[in-house]
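Okay, here's the structure, questions in a sec.
The values are calculated or read from the model by the stated rules, or taken from the named source; none is laboratory data. Everything numeric here is computed off the predicted structure, so don't read it as measured data. Positions of Cβ are backbone-derived with ideal geometry, glycine not excepted, and every protein chain shown enters the neighbour counts. These accessible areas exclude ligands, DNA and RNA; they are computed on the full protein's heavy atoms, side chains included. Shrake-Rupley method; radii C 1.70, N 1.55, O 1.52, S 1.80 Å.
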Amino acid sequence: LADLAAASGRFDEATEHYRRAQALLEPALGASHPRMVYPLLGEGRVALKRGTSEAALAPLERARSIAQAGGVEPITAAEVSHQLALAVLATNGAVNRVRELDSEARAACESISSENPVCAEVVAWIAP
């Protein structure tokens, strides 16, 4: 439901669904379970689409921390790093941090087809 709401431009509804998913998953699976990455990534993506980059930072930082611990698909790790790079750049964060995150995303995409839409976006994006 959250993805559908986000795709339809209903950002408040999407954010609510992503946060509800986090509230249900965390007590059941634990705060650092790999499945927590998906609603955190979704919340961050919606914040970026909405133009509230500051609000994207916390869920994306948390998603990255979980993804780095392992247990998520490389494509998911690539998207988390890429979305976080976009958020850091949009909030006038350190260019070195943006480049680090971009490098992470590109490295994760190396084992994935360049036809994958996430990796195609990562490869096409030029970090500052």
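Which residue pairs have Cβ atoms closer than 9 Å, lie 6 or more positions apart in sequence or on different chains, and pair a first residue in segment 60-76 that is more than 12 Å from Leu41 (Cα to Cα) and open to solvent by 60 Å² or more (accessible area, probe 1.4 Å) with a second residue that is at pLDDT 95 or above and aromatic (Phe, Trp, Tyr)?
Filtered contacts from segment 60-76: no entries.
Would segment 109-125 turn up any residue that is over 23 Å from Ala6 (Cα atoms), in a helix (DSSP H, G or I) and in contact (Cβ under 8 Å) with a residue 24 or more places away in the chain?
yes
Something else now. For segment 75-97, which positions are more than 25 Å from Ala14 (Cβ to Cβ) and outside any loop (DSSP other than H, G, I, E, B)?
Val95, Asn96, Arg97
Moving on. Can you find a residue in segment 72-92 that is charged (D, E, K, R) and within 12 Å of the chain's Cα centre (by Cα)?
yes
Okay, next question. Here is a check on your reading of the model: is Val46 open to solvent by less than 60 Å² (accessible area, probe 1.4 Å) and closer than 18 Å to Val98 by Cβ?
No.
Follow-up question, since we're still on this one. Given the criteria more than 14 Å from the chain's Cα centre (by Cα), over 16 Å from Leu86 (Cβ atoms) and in contact (Cβ under 8 Å) with a residue 24 or more places away in the chain, does Gly30 qualify?
Judged against the criteria, Gly30 is not a match.
Let me ask something else. Just give me the residues in segment 89-128 being of a type in the set (Ser, Thr, Tyr) and either open to solvent by less than 80 Å² (accessible area, probe 1.4 Å) or touching a Cys at 6+ places or on another chain (Cβ under 6 Å) (or both), in sequence order.
Residues satisfying the conditions are Thr91, Ser103, Ser113.
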